[in-house]
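Encoded as structure tokens, the structure appears first; notes follow it.
What follows is calculated from the coordinates using simple rules that are stated; it is not laboratory data. All values reported here derive from a predicted model rather than from experimental measurement. Neighbour counts are summed over all protein chains in view; Cβ atoms, including those assigned to glycine, are modelled from backbone coordinates with ideal geometry.
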Amino acid sequence: MVFHTGAALLDAIVLAVVSMEETGTYGYRITQDVRKVIDVSESTLYPVLRRLQKDECLEVYDRQFEGRNRRYYKVTEKGIAQLDFYREEWKNYTCKISDIFDGADRMNTIC
């Protein structure tokens, strides 16, 4: 993709992916799901997960899987509120960009 993915958008995408699983999901699966929409490496995603945990948007727990621990991430209430904020901001942002791309005919529409 030619458009830059900033930190806020990456946070929003990760929160959205993690929120799809009520009981949480693990790092590798998060990476695979995020890669369906943007090209990103694991080395980029794990700092995002740690930051969201530090900001209390994600909680972390370990679960036994095939004889070893697997780290799971789950969205907190604060994370859900942050995701709702990101969704609203994204809606407004994409509406304004669409207005510009679509030209003056839509410039008077209300986003």
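Extension gain for N69-F3 works out to 20.1 nm (0.36 nm per residue, less the C-alpha to C-alpha distance).
The C-alpha atoms of the chain define a longest principal axis, and helix 42-54 lies at about 90 degrees to it. Can you classify the chain as rounded, prolate or oblate using the Cα gyration tensor, where a ≥ b ≥ c are the square roots of its eigenvalues, rounded means a/c under 1.5, and otherwise it's prolate if a/b beats b/c and oblate if not? Prolate, because a/c is 1.5 or more and a/b exceeds b/c. A straight Cα-to-Cα reach below 25 Å connects K78 with the lysines K54, K91, residues fewer than 8 places away in its own chain not being considered. Exactly which chymotrypsin sites (Phe, Trp or Tyr not before Pro) in the range 1-51 are in a DSSP loop and have at most 11 other Cβ atoms within 10 Å? Passing both the DSSP loop test and the Cβ count: F3. In the chain, Cα pairs under 8 Å separated by at least six residues give a relative contact order of 26 percent.
Listed by chain and number, the aspartates and glutamates placed with their C-alpha closer than 17 angstrom to that of K74 are D11, E21, E22, D33, D55, E56, E59, D62, D84; residues fewer than eight positions away on the same chain are left out. Computed from phi, the 3J(HN,Hα) profile of the range 83-97 under the Karplus parametrisation 6.51, -1.76, 1.60 (θ = phi - 60°) reads 5, 4, 4, 4, 4, 5, 4, 5, 4, 5, 4, 5, 5, 5, 5 Hz, with x in place of Gly and Pro.
Restricting the GluC sites (Glu not before Pro) of the range 25-72 to loop positions (DSSP other than H, G, I, E, B) with no more than 14 neighbouring Cβ atoms within 10 Å leaves E56, E66.
With the cut-off at under 19 Å, measuring from each backbone N in the range 56-84 to a point 7 Å along the Cα-to-Cβ line of Y46 picks out 58-65, 68-74.
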